[in-house]
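K.L.:
Following this message is one structure expressed as structure tokens.
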Amino acid sequence: MTNSPSSGKSAETRPFDADAVSKAIGHEAGTSLPPVHLWTPEYSGEIDIRIARDGTWFHEGGEIRREGLVRLFSSILKLEDGKYFLVTPVEKWGVTVEDAPFVATDMTVTDDGRDQRLTFTTHVGDSVTAGPDHPLRLGCTFETPCPYVEVRAGLEALIDRKTFYRLIEQGVAEDHGGASWFGVWSDGQFFPLIPTDELG
């Protein structure tokens with residue numbers, strides 16, 4: 001998804017000051033997440049920041065290589081009406097996201113059957129267990145899948161290829177909505193991925 005923020009203000013490219021952002025949110029990477037859901041500043045314009053499909057962050061065309069900085073910025077991402085923003089208590093900048101803002105790069109499996117729990121880790125250090133609060137979904141097609149898990153507040157992680165293959169290994173066939181589906185159990189919920197009659 002490509003983000004194209006709009007509001008009553010005309011979009012503009014603003015100077016980007018990482019230290020000012022860190023000071024504004026009173027938060028350092030590696031601590032608890034800031035209360036982004038409580039911050040509702042006015043739209044400030046656009047920043048030339050792009051998150052590529054593989055999770056790489058770019059600023060003005062150059063890759064942001066500081067891992068701590070990427071983690072810091074990822075902690076203040078907010079999704080509103082299908083658009084992505086970096087927010088502080090006083091400012092709100094539109095950014096571009098090519099697909100999902102996060103990438104799930106690993107998965108751990110605990111227990112089995114309907115008690116199974118699938119916990120995903122993202123490239124910026126988030127850890128979430130798929131379930132009612134963190135749903136799984138399969139976009140695109142089963143032949144060229146785009147699997148996602150919700151990380152927080154509508155922000156999703158694209159599950160990378162190697163992790164998706166491991167996810168499929170945990171799949172079972174279940175009756176769901178009056179039909180037979182191939183899917184996975186996690187945290188007490190069944191996530192249908194594809195009708196069993198389409199598996200070939």
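The values are calculated or read from the model by the stated rules, or taken from the named source; none is laboratory data. Only a predicted model underlies this, so the values are computations on that prediction, with no experimental measurement involved. All Cβ positions, even for glycine, are placed from backbone atoms using ideal geometry, and neighbour counts span all protein chains on display. Just so you know, the surface numbers come from the protein's heavy atoms only, side chains and all, with ligands and any DNA or RNA stripped out. Shrake-Rupley method; radii C 1.70, N 1.55, O 1.52, S 1.80 Å.
K.L.:
Quick check on T2: is it open to solvent by 20 Å² or more (accessible area, probe 1.4 Å), assigned to a loop (DSSP other than H, G, I, E, B), modelled with pLDDT of 90 or more and under 20 Å from G94 (Cβ atoms)?
P.N.:
No.
K.L.:
Assuming K78 fulfils every condition listed in (1) over 20 Å from G154 (Cβ atoms); (2) at pLDDT 90 or above; (3) of a type in the set (D, E, K, R) apart from one, which condition is it?
P.N.:
Failing condition for K78: (1).
K.L.:
Which fully enclosed strands (runs of 3 or more DSSP E) of the stretch 127-188 have 2 or more residues being β-branched (V, I, T)?
P.N.:
Hits in the stretch 127-188: 127-129, 145-152.
K.L.:
Which residues, counting only those in the stretch 102-116, are outside any strand (DSSP E or B) and of a type in the set (D, E)?
P.N.:
D111, D112, D115
K.L.:
Based on what the data block shows, is T108 among the polar types (S, T, N, Q), modelled with pLDDT under 95 and under 28 Å from W185 (Cα atoms)?
P.N.:
No, not satisfied.
K.L.:
Let me ask something additional. Could you list all residues from the stretch 111-162 that are under 14 Å from the mean Cα position of the chain (by Cα), open to solvent by 50 Å² or more (accessible area, probe 1.4 Å) and among the acidic types (D, E)?
P.N.:
Matches in the stretch 111-162: D133 only.
K.L.:
When you scan the stretch 176-194, do you find a residue that is in contact with a helix residue (DSSP H, G or I) (Cβ under 6 Å, 6 or more places away or on another chain) and either closer than 22 Å to D54 by Cα or open to solvent by 60 Å² or more (accessible area, probe 1.4 Å) (or both), even just one?
P.N.:
Looking for residues that are in contact with a helix residue (DSSP H, G or I) (Cβ under 6 Å, 6 or more places away or on another chain) and either closer than 22 Å to D54 by Cα or open to solvent by 60 Å² or more (accessible area, probe 1.4 Å) (or both), one finds none in the stretch 176-194, hence no.
K.L.:
Right, next: When residues of the stretch 117-126 are filtered for being among the hydrophobic types (A, V, I, L, M, F, W, C) and part of a strand (DSSP E or B), how many remain?
P.N.:
2
K.L.:
Looking at (1) closer than 16 Å to A100 by Cα; (2) out of contact with any Gly (no Cβ under 9 Å at 6 or more places or on another chain); (3) surrounded by fewer than 16 Cβ atoms within 10 Å (Cβ to Cβ); (4) in contact (Cβ under 8 Å) with a residue 24 or more places away in the chain, find the lone condition where E198 falls short.
P.N.:
Every condition holds for E198 apart from (1).
K.L.:
Which of the residues spanning the stretch 66-101 are assigned to a loop (DSSP other than H, G, I, E, B), open to solvent by 60 Å² or more (accessible area, probe 1.4 Å) and closer than 20 Å to D160 by Cβ?
P.N.:
Answer for the stretch 66-101, where residues must be assigned to a loop (DSSP other than H, G, I, E, B), open to solvent by 60 Å² or more (accessible area, probe 1.4 Å) and closer than 20 Å to D160 by Cβ: just E98.
K.L.:
Moving to a separate point now. I'd like to check something: does the stretch 85-100 contain any residue that is at positive phi and of a type outside the set (V, I, T)?
P.N.:
no
K.L.:
Hey, does the stretch 102-109 have a residue that's open to solvent by 60 Å² or more (accessible area, probe 1.4 Å), in contact with a Ser or Thr (Cβ under 8 Å, 6 or more places away or on another chain) and among the β-branched types (V, I, T)?
P.N.:
Yes.
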